[in-house]
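Have a look at the structure below before the remarks.
What follows draws every value from the coordinates through simple rules; no lab data is involved. Not measured: the values here are computed from a predicted model. In this analysis, Cβ positions are derived from the backbone assuming ideal geometry, glycine residues included, and neighbour counts consider all displayed protein chains.
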Amino acid sequence: MSTTKNHPSPSSTVFLLLPLALLTLVYMFYFNNFHVLSFFCTSFVSAFSTANGTSKTPPPADRHANLNMFFGILTMPHRHERRHLLRSVYALQTHNLTAAKVDVRFIFCNSIGDNEKMHLAMEITIYGDIIILDCVENLNNGKTYTYFSSLPSMLGTGHNRPYDYVVKADDDAYFRLDNLALVLKDKPRNDLYYGMELQCDYIKGSICGVHNTFMAGFGYVLSWDLVEWIAESDTPRSNKKGAEDMMLAKWFNMRGRGKNRYNGVPAMYDYNANMSEKNDYKHYFIPDTVAIHQLKDNFKWIRTLEYFNVTNSLKPSKLYRSFH
């Protein structure tokens, strides 16, 4: 006579793991053990995925998609509200993308105050979309270098590159991922440097070097090989300090990198607050927008999302009254 063993269901396994995960994460935040934290987050998300049949870590590149993109949003630990907004904004896009596979992650340094640790522990446990770099929070003192140089060891290197492109975006920028994918689909997958191109002559004390342009720091795209080069080369490692967007151009110019340069203007531009100014870099919304910068407050986000009909697919329901 055979007997059947009762195994815990996936859902019960997850419920058992969650309390332990939260307690462990909070402990590690308070004792600033970020190396252990990184290992634990990977292990927990893996266990969650096995139990629940889903994965929140960046999966291997999906070669059925036309291109694979890692989308890193540089932000700060205390900006919980902005992260929640951006999660919704990009989730609405990534669910419907067919021409590209995009993994969105939030990036910041391990300069984390006690008031932020519980919030971040919960975010990591629930969403699994945060990367904490080994650096002190800064704007132009090496954070961007640390971001790029850390990715190959985190995500993988070699011939089976995990992504075709890597994006660096600020949290006051809105990218329309479908349009970005359309722009990139026919572009080279190597030595590519794409963004809103600015002239160095307009910046006092320019450090751009040979080429007189750089891509504005609110958001630009690099091919994966350039990210690997940043991680390996002594040139960026010894030139970290300075305006991060201009320093990036300087690295490439010093070593003849980023030769496939593409200017995103006018599809990449600054939000025109009073709608009176107009030039190639600051103008009214246009349908083929790739990215908008300077969305510093909720009012600007609302106007932007309304223009692009972000919720136009909302279906009627008895659960909520019409509010449009």
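Ordering F108, G242, W229 by Cα displacement along the dipole of the range 67-307 toward the positive end leaves W229 in first place; charges were set at the Cβ atoms of Lys, Arg (+1) and Asp, Glu (-1).
You can think of it this way: the chain between H80 and M122 has 14.0 nm of extra reach, that is 0.36 nm per residue less the Cα-Cα gap.
For the ranges 168-177, 86-95, what's the packing order if you count other beta-carbon atoms within 10 Å of each residue, average per peptide, and put the highest first?
168-177, 86-95
When a footprinting reagent is the concern and you count Cβ atoms within 10 Å, what order do D280, D129, D225 take, fewest first?
Values: D280 12, D129 20, D225 16.
Fewest to most other Cβ atoms nearby, the residues stand as D280, D225, D129.
Once you keep just the Cα pairs under 8 angstrom separated by 6 or more residues, what percentage relative contact order results for the range 67-307?
Contact order relative to length: 21 percent.
Give the residue from G258, Q294, M268 lying farthest towards the positive end of the charge dipole for the range 250-298; charges sit on Cβ (+1 for Lys and Arg, -1 for Asp and Glu) and the dipole is referred to the Cα centre. After comparing all options, I get G258.
In this Cβ point-charge picture (+1 for Lys and Arg, -1 for Asp and Glu), the range 94-202 has a dipole of about 460 debye about its Cα centre.
Computed from phi, the 3J(HN,Hα) profile of the range 142-149 under the Karplus parametrisation 6.51, -1.76, 1.60 (θ = phi - 60°) reads x, 5, 5, 4, 4, 4, 5, 5 Hz, with x in place of Gly and Pro. Taken along the Cα-to-beta-carbon direction at a fixed 7 Å, the label points for R87 and V136 span 3.1 nm. List the residues of the range 101-137 whose backbone N lies under 13 Å from a point placed 7 Å from the Cα of S153 along the Cα-to-Cβ direction. So the set is 133-135. Amide H contacts of T213 (H built 1.01 Å from N, in plane; Pro and chain starts excluded): C200 sit under 5 Å, all sequence-distant by 5 or more or on other chains.
So which of K282/K315; K143/K187; K143/K282; K241/K296; K168/K318; K117/K315 end up more than 32 Å apart by C-alpha? Display every interim value, and only then the final one.
Details: K282/K315 34 Å; K143/K187 28 Å; K143/K282 27 Å; K241/K296 25 Å; K168/K318 41 Å; K117/K315 38 Å.
Violating the 32 Å Cα-Cα cut-off are K282/K315; K168/K318; K117/K315.
Close amide H pairs (under 5 Å, H built 1.01 Å from N) link D129 with no residue at least 5 positions away or on another chain.
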